[in-house]
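The structure appears right after this line, and notes come after that.
The values are calculated or read from the model by the stated rules, or taken from the named source; none is laboratory data. From a predicted model like this one, the values you see are computed outputs, not experimental measurements. As a convention, Cβ positions derive from the backbone with ideal geometry for all residues, glycine included, and neighbour counts pool all protein chains shown. Note: areas computed on protein heavy atoms with side chains; ligands, DNA, RNA excluded. Shrake-Rupley method; radii C 1.70, N 1.55, O 1.52, S 1.80 Å.
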Amino acid sequence: MKTRYFFMAVALCVATAPAYAQETYENAKIATEDLNGTARYVGMGGAVDALGAEISTMGTNPAGIGLFRHSKAELSVGMVSQQDAADYPHGDATNLSFDQVGTVWAKRTGDRSFLNVGFNFHKSKNFNFILSADDRLNAASQNKLTYMKLYNGLLYSNNYDGSPNEQNPYQSCNQLDDIFVNNLLYAAGDGNAYFYESSSYDLDRAHSGYIGEYDFNISGNVDDRLYLGMTVGLHDVHYRHTADYTELFNPNPEQIEQLNVSDERKITGTGADIKLGAILRPIEYAPLLVGASIATPTWYDLTTSNYTEVSDGNYKVNAHADYDYKLYTPWKFGLSLGYTVDRFLALGVGYEYADYTRMDTRINDNGHYYDFDYYESSHRDHEMNEHTDWVMKGVHTLKMGLEVKPIREMALRVGYNYVSPMYDERGFKDGTLNSPGSYYASATDFTNWKSTNRFTCGMGWTFGSVNLDLAYQYTASKGDFLPFMNYQDNDYRDYDNVANVKEVNNKRHQLLATLGVTF
């Protein structure tokens, strides 16, 4: 092969394709949430769903708003910092954040009853994170994976009888497959396919953006013992990542030393959900409260755009694609307990469950007009949803919190969260799926994150009708990273393409301040 043949003109197979769905690992970033809200909520680890009278419960157990006896408004700002983050020019390890603003209007409707309405915005997901990984590759490579897919007929489109259509190949490839097939694997022009082996890789990726949640609540109580609430939530998605991936090639006749892949993806869109909640005081006048909540899926309507560029240092070729799709997150269920001792002590415990194997990736159909209104339907991406069912797991979240008031005007708080792993340790990003989510992939790497532990603490002061609260949160999780799916050929072991598992970490510190007024 000759280096001058390395990059040639190419018409991407995905550039003119119709709009389709997204992929499991990208969807999981959108479907999950952080622990965030007011400083009191965060300082107690979010374990206030049964205790109520907290604006942030609007998004977890809407009945908590029914315990307000006075109207209130709060605003929260903070700072998030990633521990041990690599120095990467496209990302910042420390970011200022506007996290929450909300209000509750409490209206007495009887001697022991209220009807309350409220609004709250909070940043349910903060995407800011720098991912860095590097390791040996031992002759594996990204382009060798494409070769293996080509060798096994996975890049060919099919005829009507299901046989490979070799006259119209590469219609199932993703952006990297297309670039490699058209510019690298066949560079010699002799009709034979080739691949390059690599000695090592290096990846840096900066994630940024957020999901904003706008909650509208109505709640009340019956005889000061049963509290009921409903929240309608609107979600606003702003996600972006920028990455640089480099492989160092083993010595080769063309003397190509390395390959650089730059990848940028944006996901924007909106979603909506409904949350219902109840809190019961089972024993009249007793300080024990029992809460339950249920949240529908968030029905997201999203747009993604990506750009991929491959370079050997002298020549470059790029690809890009834009498309629309839908994502429905799983149902979420919650149970909680709250207990108070006078105005001195408050204890809270909460449990949530969401089955992420049920996350639904959907392909948009052609829209239609009816009485001058435009309607857009969709259908399930069965291939990707089966992959999601295998890769993802049901997630259990345990929340515990404590608040102590040594004096009436001051509160001390601690909290803890445990979030079970949401990925099966055997899962991987499958680039061989007959799914549009794979066709539009612009990166091959993935991380199977393990359990998450959150430790929180905080303080609060009350000055008449004004409150000031501070909170600190430390979040830690580990994950198994791979630069691409491992591919093993049972007949020809020399064609195995296997990379080492690399452990990565996400350790994050958050400082949060809330200013509120009661009226």
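What the table shows:
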| quantity | calculated |
| --- | --- |
| Cα→Cβ-extended label distance, 7 Å offset, between V517 and T296, nm | 3.6 |
| Spacing of the two label points (7 Å from each Cα toward its C-beta) at R358 and R426, in nm | 2.4 |
| Gyration tensor (alpha-carbon) shape descriptor, the stretch 296-397, a/c threshold 1.5 | prolate |
| Whole-number accessible area per residue in Å² for the stretch 412-519, which is evaluated in the context of all protein chains at 1.4 Å | 45 |
| Apportionment of accessible area to carbon and sulfur, the chain, percent (1.4 Å) | 54 |
| Largest to smallest accessible area among D489, D34 [probe 1.4 Å] | D34, D489 |
| Extension gain (nm, one decimal) between V414 and Y339, 0.36 nm per residue minus Cα-Cα | 25.5 nm |
| Rounded to the nearest 10 Å², the accessible area of S377 at probe 1.4 Å | 50 |
| Longest segment of the chain lacking GluC sites (Glu not before Pro) that sit in a DSSP loop with at most 15 other Cβ atoms within 10 Å | 1-256 |
| Added length on full extension, which subtracts the Cα-Cα distance from 0.36 nm per residue, W105 to I283 | 61.3 nm |
| Alpha carbon centroid spacing (whole Å) that separates the stretch 86-152 from the stretch 262-289 | 17 |
| Förster radius 51 Å - calculated FRET efficiency between M230 and N505 (Cβ-Cβ, nearest 0.05) | 0.85 |
| Residues of the stretch 284-316 with amide N under 14 Å of a point placed 7 Å along Cα→Cβ from L276 | 292-297 |
| Difference of contour (0.36 nm per residue) and Cα-Cα distance, D223 to D92 | 42.0 nm |
| Partners for K123 among lysines (Cα-Cα distance below 20 Å; same-chain residues under 8 apart left out) | K29, K72, K266, K275, K332, K399, K507 |
| For the stretch 240-364: accessible area per residue (Å², 1.4 Å) | 47 |
| Calculated FRET value between R240 and R136, using beta carbons and R₀ = 30 Å, to 0.05 | 0.50 |
| FRET efficiency estimate (nearest 0.05) - Cβ-Cβ, W461 to Q83, R0 30 angstrom | 0.55 |
